[in-house]
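Here's the structure we're looking at; comments come further down.
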Amino acid sequence: MRPTPSLTRNITCVGAGVIGGGWVAHFLARGYDVTAWDPAPDAEQRLRRLVDAAWPALTQLGPAEGASRDRLTVAPTLEEACAQAHFVQESAPEKLDLKRDLLARIDAATPADVVVASSTSGYPMTDMQTEAANPGRLLVGHPFNPPYLIPLVEVVGGEKTDDDAVAWASEFYDVAGKSVITMDRELPGFIANRLQEALWREALHMVANGEATVKEIDDSITEGPGLRWAFMGPCLTFALAGGEGGMAHMLDHFGPSLKSPWTRLEAPELDRKLYDGMVQGCEEAADGRTIAELVAERDQGVIDVLRATGRLPRGRNGETA
Ligand SMILES: NC(=O)c1ccc[n+]([C@@H]2O[C@H](COP(=O)([O-])OP(=O)(O)OC[C@H]3O[C@@H](n4cnc5c(N)ncnc54)[C@H](O)[C@@H]3O)[C@@H](O)[C@H]2O)c1
């Protein structure tokens, strides 16, 4: 049976490498009982090393009451790992055939209705749920590394996934301390990886063409826009580039640049629908904050990030970094 998200206690993690192990650490720190399974002979030692290495960071964050590394069990078989599961997180290697077979085996071994999520970085669930007898409970729960520190998880179902399984998973991840984006359609790479990938491909083009060095590319982000993105997304950040006129002025001012060869990625037509969608989207994201308030928030955020990473200029605010 599918428990209510807040009463979910037994988590099963299938695949215990970088991401599976990170999920194990996260769920342990949130006070869950975790059972893991991984076919590699050295998997248990690797997993316990990863959890031990993560624990000081998790201790700093303040683990949930009762959280303990002793609540981790490593099961000898996939079937035993799944038998008592209230939720399953699959984090096996990114190979389509392997995921198809494994999800079908997990489905066969897991109590009826229990939701099974895959950590896949890019496969649509529609392509992975083909072999399972109960595809309605299979969905994607895509994390970011390390899952015990980066809050985001992107949740999306496949063509055969039940809507209530997607709703359940979104609520469960929220209760389990994640920051959830629930997508209403499949999109290769989901949202965040598409954005990362656009930046990554442009970086590779620049290196391949000798236009910039690896260091220049990395510095351009860590000394530039990356400082803002930790606390304000790229759309709201650009709205502030429009001054008091916000996103509308930004688009009037820089809209024509979309025709300039500033990236190899082709720009969409900036028609009325897109223009209005961006302006309205920024108003929603601002959530009642004025441009002046957002500017003050951004400025404080940049100072906080610079201070936290020891990069405030010498002598400022008494800092000696
Ligand atoms: N590494 C990342 O930054 C990242 C981020 C988000 C999502 N993901 C996704 O998470 C998943 C796992 O990636 P990873 O980086 O942890 O890989 P990894 O190689 O570190 O770990 C994979 C683990 O799966 C185990 N394994 C092998 N065959 C298996 C099977 N049949 N059943 C169960 N486990 C099996 C391996 O022994 C290994 O411990 C992939 O789908 C990947 O796309 C990775």
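When we screen Thr120, Thr73 for residues that are farther than 19 Å from Phe144 by Cα and among the β-branched types (Val, Ile, Thr), the only hit is Thr73.
Based on this model, can you work out whether Leu47 counts as at pLDDT 95 or above and near the ligand (Cβ under 10 Å from one of its atoms)? Answer is yes for this residue.
Go over the candidates Asp219, Asp252 one by one and state the one that is over 23 Å from the mean Cα position of the chain (by Cα) and over 19 Å from Gly281 (Cα atoms).
On the way: Asp252 fails: over 19 Å from Gly281 (Cα atoms).
Exactly one residue qualifies, and that residue is Asp219.
For Glu159, the test of being in the same structural domain as His86 (by TED's automatic domain parsing), assigned to a loop (DSSP other than H, G, I, E, B), more than 11 Å from the ligand (Cβ to nearest atom) and surrounded by fewer than 22 Cβ atoms within 10 Å (Cβ to Cβ) is passed.
From the list Leu270, Leu312, Leu294, exactly one residue is in a helix (DSSP H, G or I), surrounded by 11 or more Cβ atoms within 10 Å (Cβ to Cβ) and of a type outside the set (Gly, Ala, Ser). Which is it? Write out each step before concluding.
Working: Leu270 fails: in a helix (DSSP H, G or I); Leu312 fails: in a helix (DSSP H, G or I).
On inspection, the qualifying residue turns out to be Leu294.
Somewhere in the stretch 69-91, is a residue of a type in the set (Gly, Ala, Ser), assigned by TED's automatic domain parsing to the domain that holds Leu152, more than 17 Å from Val14 (Cβ to Cβ) and out of contact with any Asp or Glu (no Cβ under 7 Å at 6 or more places or on another chain)? Don't jump to the end; show me each part of the working.
Of the residues in the stretch 69-91, the ones of a type in the set (Gly, Ala, Ser) are 75, 81, 83, 85, 91.
With assigned by TED's automatic domain parsing to the domain that holds Leu152 added as a condition, the list becomes 75, 81, 83, 85, 91.
Subsequent filtering for residues that are more than 17 Å from Val14 (Cβ to Cβ) retains none.
Checking the stretch 69-91: not a single residue is of a type in the set (Gly, Ala, Ser), assigned by TED's automatic domain parsing to the domain that holds Leu152, more than 17 Å from Val14 (Cβ to Cβ) and out of contact with any Asp or Glu (no Cβ under 7 Å at 6 or more places or on another chain).
Scanning the stretch 65-92 for residues that are exposed (fewer than 15 other Cβ atoms within 10 Å of the Cβ) and away from the ligand (no atom under 16 Å from the Cβ) returns Glu65, Gly66, Ser68, Asp70.
Taking each residue of the stretch 11-26 that is closer than 16 Å to Val140 by Cβ and more than 6 Å from the ligand (Cβ to nearest atom) and looking for partners that are among the aromatic types (Phe, Trp, Tyr) and part of a helix (DSSP H, G or I) with beta-carbon atoms closer than 6 Å, six or more apart or interchain, yields Cys13/Trp23. Only residues that are surrounded by fewer than 20 Cβ atoms within 10 Å (Cβ to Cβ), more than 14 Å from the ligand (Cβ to nearest atom) and within 13 Å of Gly158 (Cα to Cα) were counted across the stretch 96-133, and they come to 2. Comparison of Glu244, Glu297, Glu211 shows that the only residue that is touching a residue at least 40 places away in the same chain (Cβ under 8 Å) and more than 25 Å from Ala192 (Cβ to Cβ) is Glu244. With respect to being surrounded by 14 or more Cβ atoms within 10 Å (Cβ to Cβ), closer than 17 Å to Trp262 by Cβ, in contact (Cβ under 8 Å) with a residue 60 or more places away in the chain and not hydrophobic (A, V, I, L, M, F, W, C), Glu186 falls outside the description. The residue that is farthest from the ligand (Cβ to nearest atom), among those in the stretch 134-156 that are crowded, with 23+ Cβ neighbours inside 10 Å and within 15 Å of Arg30 (Cβ to Cβ), is Tyr148. With respect to Val180, is the statement that it is more than 13 Å from the ligand (Cβ to nearest atom), among the hydrophobic types (A, V, I, L, M, F, W, C) and surrounded by fewer than 22 Cβ atoms within 10 Å (Cβ to Cβ) true? Yes; evaluated as a whole, the condition is true for this residue.
The values are calculated or read from the model by the stated rules, or taken from the named source; none is laboratory data. Please read these numbers as outputs of a predicted model, since none were measured by experiment. Note: ideal-geometry Cβ built from the backbone for every residue, glycine included; neighbour counts use all protein chains shown.
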